[in-house]
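In what follows, a single structure is set out as structure tokens and then discussed.
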Amino acid sequence: MLTLQSGRLRRGLTKRQLALLTGVTETTIGNWECGRYHPQPALKARVETTLNAAIDWKGISRGFEKQEATFILMTERFLDDKIPSAQLLRRVQRAKEIVQFFGRQVEARQRMVKE
């Protein structure tokens, strides 16, 4: 199975071309590729037929996993620094906000996958 982006690129199509072939907008294709939204079953079938490939729709959220790994590395890096307490507290607060954001993103993606 391929991701939507790799299937599109394998066929040599731009987002705009795939959008025209499937009857959606270029923005919609971009939203599907980044995992922001998932298409309805009829559109999934149309895209797979157009690309002549099986698409891993659940694997689209892998980009999120990459973002999460980057966040963890950044967190470890700033905790290792020798910085004043006030600045550290601001960084910890920001880290908490980011963790909460990612938690909401995971919950939203899980709900979308179930639909």
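Most tightly packed first, judged by the mean number of other beta-carbon atoms within 10 Å of their residues, the peptides 8-14, 33-39 read 33-39, 8-14. Using θ = phi - 60° in the Karplus curve 6.51 cos²θ - 1.76 cosθ + 1.60, the 3J(HN,Hα) couplings for the stretch 40-48 round to 5, x, 5, 6, 4, 4, 5, 5, 5 Hz; x is entered for Gly and Pro.
Other residues whose C-beta falls under 10 angstrom from the C-beta of Q17 contribute a net charge of +3, scoring Lys and Arg +1 and Asp and Glu -1.
Per-residue Karplus couplings for the stretch 21-38, computed as 6.51 cos²θ - 1.76 cosθ + 1.60 with θ equal to phi - 60°, are listed in order as 5, 9, x, 10, 8, 4, 4, 4, 4, x, 5, 5, 5, 8, x, 5, 9, 10 Hz, Gly and Pro entered as x.
Scoring 89-97, 18-26 by mean Cβ neighbours within 10 Å over their residues and listing the highest first yields 18-26, 89-97.
Coordinate-derived values only; no laboratory data. Since this is a predicted model, take the numbers as computed values, not measurements. Heads up, the Cβs are rebuilt from the backbone with ideal geometry, glycines too, and the neighbour counts pull from every protein chain shown.
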